[in-house]
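The values are calculated or read from the model by the stated rules, or taken from the named source; none is laboratory data. Everything quoted here is computed from the prediction, not taken from an experiment. All Cβ positions, even for glycine, are placed from backbone atoms using ideal geometry, and neighbour counts span all protein chains on display. The protein model used for the area step is the full one, side chains on, heavy atoms only, and it has no ligands, DNA or RNA in it. Shrake-Rupley method; radii C 1.70, N 1.55, O 1.52, S 1.80 Å.
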Amino acid sequence: ARSSSLVLVDRFLDFCTVVLIFVISFLTSPGGAAWARISTTWLGGLVVVFVLGLISAVRLRSLWLLLLGRALARLAPARASRWEGRIRDLFSVLSVLDDLRRIILLMTLSASTWAIICLSFWLGLHSVWPDISPAAAAFAASAVTLSFLLPIAPAGIGLYQGAVVLALQLFGVNASAALTFAILAHALQVASILVLAGISLAWQGVGGVRDEMRKRHPPHRAGGQ
């Protein structure tokens, strides 16, 4: 439950930051296409609803816990206690959204992370289109990220490239140059992830994962032991 809530908070911060980058960079584009104007309007409204809804849910957590406690009372005591603990763990991490000081710090860290990502896009695009602007790179990075809301193909193959080409056309980048960058950048990103995953597995050890799984789900022995 704590891991799930941590992922949710991380996605919440990422989503808000990426939409903000998308809107600001789009407003600096030479000419807005119809799809970008519609996307900007809808995303802005979606972020407002999402933020207000999540913060309201966290602030009313006492009410949700009370209602869920009544619902769980119908279950067996051991099972009800286990689920109640998970739900409390979930809200204990989500409560960070109700702390203004901590949420500002987390938003600052998220913005710093995405600034580095946008910088990497700008440096990569500069190699195929020297006149690329930082706003164009930021718009491409945010468009690619938001495109993964539609997981059409594994690893976003095709979707990634299409998002980059469409986004950069608003800034006058040639489709061939945009596609070249998209293919190279995507390949390097996937390769980097695979390398880091390999290092992580080698460092932690696959045997350690197996031992942990055995602790959580011990095998049944003969004789009922």
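Annotations
- Inter-site label distance for I38 and R79 at 7 Å from Cα along Cβ, in nm: 4.6 nm
- Using the Cβ-Cβ distance between A202 and I103 with R0 set to 45 Å, the FRET efficiency works out to roughly 0.80.
- F148 accessible area, assembled protein chains, probe 1.4 Å, Å²: 80 Å²
- Accessible surface of V9 - all protein chains present, 1.4 Å probe, nearest 10 Å²: 10 Å²
- With 0.36 nm allotted per residue and the present C-alpha distance subtracted, the L194-S4 stretch has 66.1 nm of extension available.
- Using a simple spin-label model with pseudo-atoms 7 Å out from Cα toward Cβ, R59 and A175 lie 4.9 nm apart.
- Residue-by-residue Karplus 3J(HN,Hα) for region 51-57, coefficients 6.51, -1.76, 1.60, Hz, glycine and proline x: 5, 4, x, 5, 5, 5, 4
- Protection-proxy order for peptides 91-101, 53-63, each taking the mean of Cβ atoms within 10 Å per residue, highest first: 91-101, 53-63
- Length gained when the stretch L119-D14 is fully extended (0.36 nm per residue, less Cα-Cα span): 36.2 nm
- Dipole-positive endmost among F91, G45, M107 within region 29-111 (Cβ charges, Cα centre): F91
- Measuring between their Cα centroids, region 54-86 and region 115-132 lie 48 Å from each other.
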